[in-house]
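Participant: Below are the structure tokens for one structure; questions will follow.
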Amino acid sequence: IFFRERIGPVLLQMAPNTRLATILLSCMVLPATAENVFTNGLIYLPIYLGIASLANVFLTLRAWQTWAKGQHAESTCLVTLMLSNAAWCVPCFVQCVGTAIQGEFWGGDIGCDVMGFYSAFATYSSQMATVLMALVTHQLVFSSAGPWNHLALLAAGAFGASALLALLPLVGVGSFVKYEGFCYIDYHNTAHCAVWLLVMVPCVLAVLYYYGAVYKFSALPPKVTQGLVLFWVVFLCGWVLGLPLIFLGLSGSAYPKGLNLTSAVLGHGMNLVNPILYGVFWHDWFVSNKSTYIVVQPDDDRGEASA
């Protein structure tokens, strides 16, 4: 009754894009209600991860539509972002379903190493993929998108580097550690923390630079420029709790209860938020209504011409 009389009318009054974003973002309360991912989160987290996985199917559709419109560079970046999201939410969905069925962590020590690897890989690659999205946005606004095959090489390099960095704990550089039910890098290990910071900090600053330049120097409508700044704020929020975790870990201090889980929820939140930000709003601004917001550049076949 409450939904029909109060929530339903509010949703119906929203614009379609806003309504979709609101519904999908509301799914983030599912894992946030769990005290431990693998105790009373046994049901919540698989549901959330399933929704996040479906959201990336939607992002794949957007990438295909973008390619079909001849915007190959933009499509390449959307696919890169989708793959980095799926690298975390899809295997974690499978592992969490197994855990829910078994009633305890699924996979033992090997399962922890597997989770640690794909979580670290997705962390690094997602951050780099967001930089790629910011780069192509900057190019679209101030010149034209670069050749799609060049961007694809950058994406391949990002995935390769992310895989190598995520492998470090499996080849003797420390080990993955279980926090509040999930496995990730060891915040007490200096090498792990240094790698995490060397990826996260430059990526956050690069996205700020590209979107800040669009905000300050472009003639785009305020809803686009301010929206891109909000993209950066969301990006920062997704990873910022890694900083206090690293500080506390290296100093040997105790973690406040729930800090690791909150950080994990925010990081996983990017798997759901990115398809919304880039599959709905960014796609509307720079693909569906590109000619409305920016000068259309003849970039359709540069990838093929320079291949």
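The values are calculated or read from the model by the stated rules, or taken from the named source; none is laboratory data. No experiment lies behind these values; they were computed from the predicted model shown. So basically every Cβ, Gly included, is an ideal-geometry build from the backbone, and we count neighbours across all protein chains shown. The area values use the complete protein model at the heavy-atom level, side chains included, leaving out ligands, DNA and RNA. Shrake-Rupley method; radii C 1.70, N 1.55, O 1.52, S 1.80 Å.
Participant: If you go through the range 236-244 one residue at a time, do you hit one that is open to solvent by less than 10 Å² (accessible area, probe 1.4 Å), part of a loop (DSSP other than H, G, I, E, B) and either of a type in the set (Lys, Arg) or touching a Phe, Trp or Tyr at 6+ places or on another chain (Cβ under 7 Å) (or both)?
Facilitator: Looking through the range 236-244, none of the residues is open to solvent by less than 10 Å² (accessible area, probe 1.4 Å), part of a loop (DSSP other than H, G, I, E, B) and either of a type in the set (Lys, Arg) or touching a Phe, Trp or Tyr at 6+ places or on another chain (Cβ under 7 Å) (or both).
Participant: Report, by residue number, each residue of the range 163-208 that is farther than 18 Å from Gly107 by Cα, outside any helix (DSSP H, G or I) and not aliphatic (A, V, I, L, M).
Facilitator: Gly172, Gly174, Asp186, Tyr187, His188, Asn189
Participant: Checking the condition of a type outside the set (Ser, Thr, Tyr), in contact with a helix residue (DSSP H, G or I) (Cβ under 7 Å, 6 or more places away or on another chain) and at pLDDT 90 or above, which residue from Gly116, Gly70, Gly50, Gly107 passes?
Facilitator: From the options Gly116, Gly70, Gly50, Gly107, the qualifying one is Gly116.
Participant: Since Ser263 meets every condition but one in (1) without any contact (Cβ under 8 Å) to a residue 24 or more places away in the chain; (2) within 19 Å of the chain's Cα centre (by Cα); (3) surrounded by fewer than 18 Cβ atoms within 10 Å (Cβ to Cβ), which condition does it not meet?
Facilitator: Here Ser263 clears every test but (3).
Participant: Moving to a separate point now. I'm trying to understand the selection: among the residues of the range 169-195, which are of a type in the set (A, V, I, L, M, F, W, C), out of contact with any helix residue (DSSP H, G or I) (no Cβ under 6 Å at 6 or more places or on another chain) and surrounded by 19 or more Cβ atoms within 10 Å (Cβ to Cβ)?
Facilitator: Val177
Participant: Restricting attention to the range 273-290, which residues are of a type in the set (A, V, I, L, M, F, W, C) and open to solvent by less than 10 Å² (accessible area, probe 1.4 Å)?
Facilitator: Correct list: Ile276, Val280, Trp282, Phe286, Val287.
Participant: If I ask for residues that are in contact with an Asp or Glu (Cβ under 9 Å, 6 or more places away or on another chain) and either more than 14 Å from Asp284 (Cβ to Cβ) or not hydroxyl-bearing (Ser, Thr, Tyr) (or both), which ones from the range 56-68 would you list?
Facilitator: Correct list: Ala63, Trp67.
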